[in-house]
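Every number here is computed from the coordinates shown, using simple stated rules; none is lab data. Worth saying up front: this structure is predicted, and the values here are computed from it rather than measured. Please note: Cβ atoms are built from the backbone with ideal geometry, for glycine as well, and neighbour counts cover all protein chains shown.
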Amino acid sequence: MIRRHATDSAAPRDRRVALQRHSVLLFALTLAFTSGVLQLLAQQGHEHLFLNLDSTAAGVLPGVLTAHLVHVSWMHYLFNLVGLALVLSLFREVWTPLRLVAIFLICALAVDAGLWWLSPQVPSYAGLSGVLHGLLAAGAVFAWRGAGGVASLVLLGTVTKLIWEQQVRPSAGMSELIGAPVIVDAHLYGFAAGAVAALFVGRLGGRRQLQAASPGWY
């Protein structure tokens, strides 16, 4: 009886975890599809999809919504999709749809604001890499309790990478590969926003806070 009761009580949780993971996968696939459609439009000369920091305030607004989904080339698009898959799979136990959407939007707006106010030398921006750095930081912070060692290594490695980028800047080869300069400031702003936002987003569930070894909904 006790063994049966334990099995029965675990079933709803297993279904909830499966639904959660399917929802996260659906988010990633939707993001990839939307980004692909916007990429097709961008290839047709729709520069207004980029975040144009030299334009008027009215001209910037469309880019605020789309710049993180459109890319300067298909190679750029593929690189970022691979990065998204790696980020979501590395800390897959901690992601819920609400966490993912909240962190995505916060990081996107933080990158926009950071480039606008703190990096006036950047004329325009497009790509998912700034948000990806934020998702990576947030995933590590969320996973801290259940996978502190891995999370610490990820945070330390990423911080080291960001410092190197600020000091040395990316190689010309990477810029040639994706077809545009790599905007390393976006990586910095996204990472900082993701790490800070995770401290607050992670509190939404109160005592039901999600841990790496105990997935659930927020």
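Structure notes:
- Built amide H within the under 5 Å cut-off of Leu69, gap 5+: Gly127
- Residue exposure sequence - His22, His187, His71, His48 - by fewest surrounding Cβ within 10 Å: His22, His48, His187, His71
- Farthest toward positive dipole pole in the stretch 2-208 [+1 Lys/Arg, -1 Asp/Glu at C-beta], among Phe142, Tyr77, Ile183: Phe142
- For Arg145, residues with placed amide H under 5 Å, excluding near neighbours: Ala212
- Each peptide in 189-200, 73-84, 23-34 gets a packing score, the mean of other Cβ atoms within 10 Å over its residues, and the list from highest to lowest is 189-200, 73-84, 23-34.
- In this structure the amide hydrogen of Ser124, modeled in the peptide plane, comes within under 5 Å of the amide hydrogens of Leu53, none closer than 5 places in sequence on its chain.
- With only the Cα atoms considered, the stretch 2-208 has a convex hull volume of 129 Å³ per residue.
- Which of Val122, Val70 has the fewest Cβ neighbours within 10 Å, and the rest in rising order: Val122, Val70
- Global size of the stretch 96-210: 14.9, 49 Å for Rg and Dmax (C-alpha atoms, Rg to one decimal, Dmax whole).
- Rounded Å value of the spacing that divides the Cα centres of the stretch 163-202 and the stretch 91-137: 10 Å
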